[in-house]
Amino acid sequence: MAFENLALQKVEEIKEIIINDCSYNTISILGGATSNIIFLHRYLQYRNDEIVSDALVDTINYCIDSIENHKLLIADYSVLSGFLWTMKYLEVVDSENFAGVVSVDNFTKSKLVERVDSFIENSTFDLFNGAIGITKYLDMAFPEDYHYKKLLNIDLCQFYERGEEIILGMAHGIPSMISYLSNFPTKETYNYVNRLIEEIVLRSKRPENVTGISLYPDGTTLSKVNEYQSRVGWCYGDLSIALCLWKAGEAFNKNSWRNEAMTILLHTATRREQPETLVVDAGLCHGSAGIAQIFRHFNDRVNLKELNQTYNYWIDYTLHLAKYNDGAAGYKALVAQDKWEKDNGLLEGIAGIGLVLLDYVDKEAHSSLNWSSCLLID
């Protein structure tokens, strides 16, 4: 591996920051204590370290204490479900150490279900602050209840037909719905996913006579001309579309969807210069580490040199972005125009960057469930 030593050095820097990080004021999986849990556990899969192990236990206990000593408002259940999903994830990949560490009583479960129902009623399916995020945990913890079926009640095609904008990004748009429902391949979910893909996603692809840097727009409506200037990243744009098309193609055995996903990936692999990628920082959400992780995901599944080369390119790019003397392990995130800040979290900060670099230096650590499935990179 061309960049292994530098990547490992960066992982160690990030580890030292994370184990001493007591600054979080939330248990959020995106940018709080639960981010640290995922990074610390992944590090321990790579290398035994008593200090890291103690930090992991302390962070889990902090989250549990925060939940028990704070009466959660209804709006907090999206945050709670992220922590609960993480603990179920640890049970799956490390049952010997984490089975039964956290249990959910009927009252808490009923509140989570109530929150999902409220989201469904308002057609709010968002991965982070909507129905999918909580449903992800409920389906994992209580598969016999088939909570995912409630998502089918949101008629996104109807919204599209009446002229509303449909977002084409994994963070807040229909790729997350397609990807998540593809975990449950039934005739009912196929009919729903097929409509989203055929009637909305594929219809929005850039025509051959139209110029642009991307193949798909960030969002689409029936009444407006699409703009094809989408960034390269996890949260919006072509890679979101590739992820959901591949996942659905695998789940429902649709070669046309898988082929379109590969077309998108190979096109995105040619986008390297900043004016074409619009990448300015390294985080998972819209930065280089997220791009690298997506290409790693596909590189593990399809033996194409273009995917492997692109994966290595974005790892190298990520390492070169650690350039700030006052950054976290050299990294800062762009949070507003000309405003850069340190971030220790998973979504935009060094916990997420560290996870991607750990996967780079420790390629053999595969399990039935990867940490990046929290972002539907699965």
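The values are calculated or read from the model by the stated rules, or taken from the named source; none is laboratory data. Predicted model only: the values in this text are computed from it and were never measured. Neighbour counts are summed over all protein chains in view; Cβ atoms, including those assigned to glycine, are modelled from backbone coordinates with ideal geometry. Remember, those area values only see protein heavy atoms, side chains included, never the ligands or the DNA or RNA. Shrake-Rupley method; radii C 1.70, N 1.55, O 1.52, S 1.80 Å.
If you filter the range 1-43 down to residues that are over 15 Å from Ser66 (Cβ atoms) and of a type in the set (Phe, Trp, Tyr), you find that the one that is nearest to the chain's Cα centre (by Cα) is Phe39.
Could you tell me whether the range 181-202 includes any residue that is among the small types (Gly, Ala, Ser), surrounded by fewer than 24 Cβ atoms within 10 Å (Cβ to Cβ) and over 23 Å from the mean Cα position of the chain (by Cα)? No: the range 181-202 contains no residue that is among the small types (Gly, Ala, Ser), surrounded by fewer than 24 Cβ atoms within 10 Å (Cβ to Cβ) and over 23 Å from the mean Cα position of the chain (by Cα). Go through the residues of the range 124-140 one by one and say whether even a single one is free of Cβ contacts under 8 Å to residues at least 60 places away in the same chain, more than 20 Å from the chain's Cα centre (by Cα), closer than 20 Å to Tyr180 by Cβ and open to solvent by 30 Å² or more (accessible area, probe 1.4 Å). No, the conditions are met nowhere in the range 124-140.
Residues that are modelled with pLDDT of 95 or more and open to solvent by 60 Å² or more (accessible area, probe 1.4 Å) were ranked within the range 147-166; the one that is nearest to Met87 (Cα to Cα) is Lys149. So in the range 2-29, with the set limited to residues that are open to solvent by 50 Å² or more (accessible area, probe 1.4 Å) and touching a residue at least 40 places away in the same chain (Cβ under 8 Å), which one is farthest from Ser81 (Cα to Cα)? Only one residue fits best here, namely Ala2. The set of residues from the range 46-85 being farther than 15 Å from Ile18 by Cβ and either touching a strand residue (DSSP E or B) at 6+ places or on another chain (Cβ under 6 Å) or in contact (Cβ under 8 Å) with a residue 40 or more places away in the chain (or both) comprises Ile67, Ile74, Tyr77, Ser78, Val79, Leu80, Ser81, Gly82, Phe83, Leu84, Trp85. The set of residues in the range 290-305 being in a helix (DSSP H, G or I) and either of a type in the set (S, T, N, Q) or open to solvent by 70 Å² or more (accessible area, probe 1.4 Å) (or both) consists of Gln293, Asn299, Lys305.
Any residue at all in the range 86-96 that is open to solvent by 60 Å² or more (accessible area, probe 1.4 Å) and either more than 30 Å from Ala365 (Cβ to Cβ) or of a type in the set (Asp, Glu) (or both)? Please lay out each step first, then the result.
Start the filter on the range 86-96 by keeping residues that are open to solvent by 60 Å² or more (accessible area, probe 1.4 Å), which leaves 92, 95-96.
Filter once more, so that each one left must be either more than 30 Å from Ala365 (Cβ to Cβ) or of a type in the set (Asp, Glu) (or both): 96.
Within the range 86-96, one or more residues are open to solvent by 60 Å² or more (accessible area, probe 1.4 Å) and either more than 30 Å from Ala365 (Cβ to Cβ) or of a type in the set (Asp, Glu) (or both).
The set of residues from the range 103-118 being polar (S, T, N, Q) and closer than 20 Å to Ile64 by Cα comprises Ser103, Asn106, Thr108, Ser110.
Results for (1) under 19 Å from the mean Cα position of the chain (by Cα); (2) over 27 Å from Asn183 (Cα atoms); (3) crowded, with 24+ Cβ neighbours inside 10 Å, shown as yes or no for each residue.
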site	(1), (2), (3)
Trp314	yes, yes, yes
Leu321	no, yes, no
Asp326	no, yes, no
Trp340	no, yes, no
Leu347	yes, no, yes
Ile350	yes, yes, yes
Asn370	yes, no, no
